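Here the structure comes first, spelled out in structure tokens, and everything after it is commentary.
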Amino acid sequence: MTATWTRDTPWRQGHLFTAEAIKALGLSHPDTPDSTCVVVIGHDCDLANDSLQAEPNVEVIIGRHLPEGNGNYFWAKAPRPLHIEVLQDGTAAIVELVATAKALIPKLALAAFLP
């Protein structure tokens, strides 16, 4: 069965890719591939658009999990790197996102996965 993208997609801004989706889509952080974390940054209205001719992709940032954060990068104190606390399997974890690490993922490829 082929995956389809519908207006009722479960994907929303801020959702994280599963390890399965990261591997299947061939995504990895260039410095630390084993700690890759992919976050949807596209707006919810763009995600809900099911016209794949008009809006074929989902915008993401390819980040990474860190053992600890740097206070200079929390709360958008710096213009490029951002350290945020997320829940990973119910446990607090730190993720680093860098504004220049954006990528586009085809909606049809992402449709096969859940956040």
Exercise for review: Those residues that are of a type outside the set (A, V, I, L, M) and either open to solvent by less than 30 Å² (accessible area, probe 1.4 Å) or under 16 Å from A103 (Cα atoms) (or both), I need them from the stretch 13-30; list them, please.
Suggested key: Q13, G14, H15, F17, K23, G26, S28, H29, P30
Check your understanding: In the list V86, V60, which residue meets the criterion of being surrounded by 13 or more Cβ atoms within 10 Å (Cβ to Cβ), assigned to a strand (DSSP E or B) and at pLDDT 95 or above?
Key -> V60
Review point. Residues L47, L52: which one is touching a Lys or Arg at 6+ places or on another chain (Cβ under 9 Å) and assigned to a helix (DSSP H, G or I)?
Key: L47
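The values are calculated or read from the model by the stated rules, or taken from the named source; none is laboratory data. These numbers were taken from a predicted model, which means no experiment stands behind them. As a convention, Cβ positions derive from the backbone with ideal geometry for all residues, glycine included, and neighbour counts pool all protein chains shown. These area figures cover heavy atoms from the full protein model, side chains too; ligands, DNA and RNA do not enter into them. Shrake-Rupley method; radii C 1.70, N 1.55, O 1.52, S 1.80 Å.
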